Amino acid sequence: MSTQAARWYAIRRRLAPAASAPGAVSAAEIYIYGDIGESWYEETVTAAEFVRELAALDVAEITVRINSIGGSVPDGLAIYNAMRRHPATITVEVDGMAFSVASLIAMGGDKVHMASNALLMVHAPWTFAAGNSRDLRDLADQLDIWAQAMATSYAARTGDQAGALAMLTDGEDHYFTAEDALAAGYIDAITDPLPMAASAARNFDLSRFRSLPAALAKSIPVAERATSHLTGDPMDQKQTPATPAAGAVAPAQPTAAEILAADKTRREGIRAAFARFASASGVAELQRACEDDPSVTVEAAGKRLLDHLGSQTEPIAGVRITTVEDEGDKRREAIVAAMLVRAGFASKEQASSHTANPWRGMTLIEIARASLERIGVSTKGLDKRELVAAAFTQSTSDFPVLLTDAIHRTLLASYGLQPMTWSRFCKRGSVSDFRAHHRFRVGSLGNLQPKNELGEYKSVAIPDGERSSITASTKGYIINISREIIINDDLGAITDQAAAMGRSAARTVEADVYAALLSNSGAGPIMNDGLPLFHANHGNIISPAAGPTSASFNAFRVAMAQQRDVSGNDYLDLRPAVWLGPVGLEGEAKIVNQAQYEPGSGKNVYTPNISLGLFRDIVGSPRLSGTRHYAFADPQEAAALEVAFLDGIDTPYLEQESAFDTDGARFKVRLDYGVAGHDWRGAAMNPGA
């Protein structure tokens, strides 16, 4: 599997439905939507990361959603065991496919649900092999051991060890519909049907399975766009985009005879596309409607056909529908890659394959013309301004999509490259909407008390907790792309603006964090007790004030270790993790943090540095000035500041619309997030000398 592919799992922290109420149960959702691990044949890195991230989830409820055809057996066994060890209540939802080792992972839930149109498949572990006869015999023995280990996991739910082992050693693929899985004891309940993700259906290599049942045809959705000139199987056809030659002379307008001939060709193409499915319910009526509507192209008719077939609840005799990568997707990816190479923002993969890209070197005007001709819009007689206007305003033209994709990729690349120091000392959080979301810190009950002289136990009060809140808001702006930029083929101007948008979004978050830190004359944001983040009552202002020295570093350590919990019953014993200060003090701080012996003149050169390696990270920022500097605990232990993004999406969102008033297109970038102070115990400040 390519290291550039999207991760096959995603973990999102959430709150239970009553998230806004005090004491709401924390929860998380895990998506396993792809091949498990980077390799099908060994233990892999990302699966180890999955196990660590799962173990780190301090939540009461976890939902694991699965749509996968399997992957690495060692990874699957590790993930299953990690799920069984976790103290949370884990509910598995099989959204689409749980094949091979993905079905074993599904068995790791305390409760297992399955959509009524989903499939579960169990078969023997398999691999590729090379070597002599002894090597192959050893590998066969290893596969048998894997099968025995897997059988134990299946039998833990069904109680049928022998039956599970038989399925894992007979070499067959055993498919279960939701009803079959419920009857066999693999799942606890059947849920409402869900369409499989189209992207997953296109990307999964289903050829590794010997046979797929007819039920799979009902589950995999139709492709996003049918290909043109369908003959025979509509999913097996290819489409070659028309590429106009530069400077070509526009031919004369078509005659009536030519129009009739074209309509005849259109009707014949529709009939050919529908021929194999004539026996299906409603297909004949749909074919007549498509033929009688001259605005329906062969491509559009094919899409309507596939949409209709995908909506059927019964399999069509002799027909199996599978999804393949859409030709339009390939075309769009190639065009965007060519645009990014020309603009200098291409990835290594895009640059290395550029010589074989049929769209390389094409101007924006040529791409706009090809986009229109692909959907059957004639560009004859159109000057450049009219052509660009049509490319933006035709509802089915993908030219705006191509431009938006190129701009978005450039924006995200620049956003990711912009230095963002806030993430090194702030907690990264998530909120579900734009309301105030509370963060709670509970108190402790204190030490156990001795019984009184009567042998009775003393009652202690349950301490009150603390809470803070954070609210997300939206920030963004609009830029305009004029037709002149497209006509002049000024691709650099477009990508430069996109890069500037990405840098701007990153800078905005950075600036807001430092604005919060420096608010109230440098004392920081107001906390829930009405005092600023740094205050003498909080015990987090270091005295005497000094610059970065081993003694001042040690003062940070002492002050943070002496912080008590919300109830004041016990010490938190926090440790400094991140030093933050002006860039002018950054060098001094690094020397103090890394010096083996006590730095500074007049010191014994053999005196050990008592603050050696105290901070794991030294952060200098030009947004800070003077001599004031800070120490922060690990944000996961005590978050002094938090940056929370709406639904956890921490990258800018881009929208495009045709701009009638500016004669071009407008692009809006926005980012939804909030910044707030939470726990003053997790930070300390030295005013500096």
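The values are calculated or read from the model by the stated rules, or taken from the named source; none is laboratory data. The model shown is predicted, which means the values in this text are computed figures rather than measured ones. FYI the Cβ positions are ideal-geometry reconstructions off the backbone, even for glycines, and counts take in every protein chain you see. Keep in mind that these areas ignore ligands, DNA and RNA; they rest on the heavy atoms of the full protein, side chains included. Shrake-Rupley method; radii C 1.70, N 1.55, O 1.52, S 1.80 Å.
Evaluate the following for ASP141: is it among the charged types (D, E, K, R), open to solvent by 10 Å² or more (accessible area, probe 1.4 Å) and out of contact with any Lys or Arg (no Cβ under 8 Å at 6 or more places or on another chain)?
Numbers: among the charged types (D, E, K, R): yes; open to solvent by 10 Å² or more (accessible area, probe 1.4 Å): yes; out of contact with any Lys or Arg (no Cβ under 8 Å at 6 or more places or on another chain): yes.
Yes; evaluated as a whole, the condition is true for this residue.
Looking at (1) part of a loop (DSSP other than H, G, I, E, B); (2) at pLDDT 75 or above, find the lone condition where SER444 falls short. Condition not satisfied by SER444: (2).
So TYR606 passes all but one of these: (1) over 18 Å from ARG681 (Cβ atoms); (2) at pLDDT 90 or above; (3) open to solvent by 70 Å² or more (accessible area, probe 1.4 Å); (4) outside any helix (DSSP H, G or I). Which condition number does it fail? Result: TYR606 fails condition (2) only. Of everything listed in (1) open to solvent by 50 Å² or more (accessible area, probe 1.4 Å); (2) more than 15 Å from THR421 (Cα to Cα), the single unmet condition for PRO622 is (2).
Against the criterion of being under 24 Å from ARG441 (Cβ atoms) and among the polar types (S, T, N, Q), ASN569 qualifies.
So which residues in the stretch 181-193 are in contact with a strand residue (DSSP E or B) (Cβ under 8 Å, 6 or more places away or on another chain) and open to solvent by 70 Å² or more (accessible area, probe 1.4 Å), if there are any at all? Reasoning before the result, please.
To start, the set of residues in the stretch 181-193 that are in contact with a strand residue (DSSP E or B) (Cβ under 8 Å, 6 or more places away or on another chain) comprises 181-182, 184, 186-193.
Passing the criteria: LEU182, ASP188, ASP192, PRO193.
The number of residues in the stretch 148-178 being assigned to a helix (DSSP H, G or I) and open to solvent by 30 Å² or more (accessible area, probe 1.4 Å) comes to 10. Looking at the stretch 27-35, can you tell me whether even one residue there is among the aromatic types (Phe, Trp, Tyr), at pLDDT 65 or above and closer than 23 Å to SER103 by Cβ? Looking through the stretch 27-35, at least one residue is among the aromatic types (Phe, Trp, Tyr), at pLDDT 65 or above and closer than 23 Å to SER103 by Cβ. Taking the stated definitions as given, is ASP496 without any contact (Cβ under 8 Å) to a residue 60 or more places away in the chain, open to solvent by 50 Å² or more (accessible area, probe 1.4 Å) and in contact with a Ser or Thr (Cβ under 9 Å, 6 or more places away or on another chain)? Here the answer is yes, as ASP496 does meet what is asked. Look at (1) within 40 Å of the chain's Cα centre (by Cα); (2) more than 25 Å from GLY539 (Cβ to Cβ); (3) free of Cβ contacts under 8 Å to residues at least 24 places away in the same chain and you find that TYR606 fails only one, number (1).
Given the criteria open to solvent by less than 50 Å² (accessible area, probe 1.4 Å), polar (S, T, N, Q) and not in a helix (DSSP H, G or I), does SER397 qualify? Criteria met by SER397. Listed by position, the helices (runs of 4 or more DSSP H) enclosed by the stretch 483-574 that each have at least 2 residues that are basic (Lys, Arg) are 491-517.
So, in the stretch 564-590, how many residues would count as being over 37 Å from the mean Cα position of the chain (by Cα), under 16 Å from GLU637 (Cβ atoms) and not aromatic (Phe, Trp, Tyr)? Residues meeting the conditions: 2. Sub-8 Å Cβ pairs linking a first residue in the stretch 261-278 that is farther than 15 Å from ALA300 by Cβ and open to solvent by less than 50 Å² (accessible area, probe 1.4 Å) to a second residue that is in a helix (DSSP H, G or I) and not β-branched (Val, Ile, Thr), at least 6 apart or interchain, are PHE277/LEU305; PHE277/LEU309, ordered by first then second residue. Scanning the stretch 625-650 for residues that are open to solvent by 10 Å² or more (accessible area, probe 1.4 Å), acidic (Asp, Glu) and under 20 Å from LEU533 (Cα atoms) yields ASP634, GLU637.
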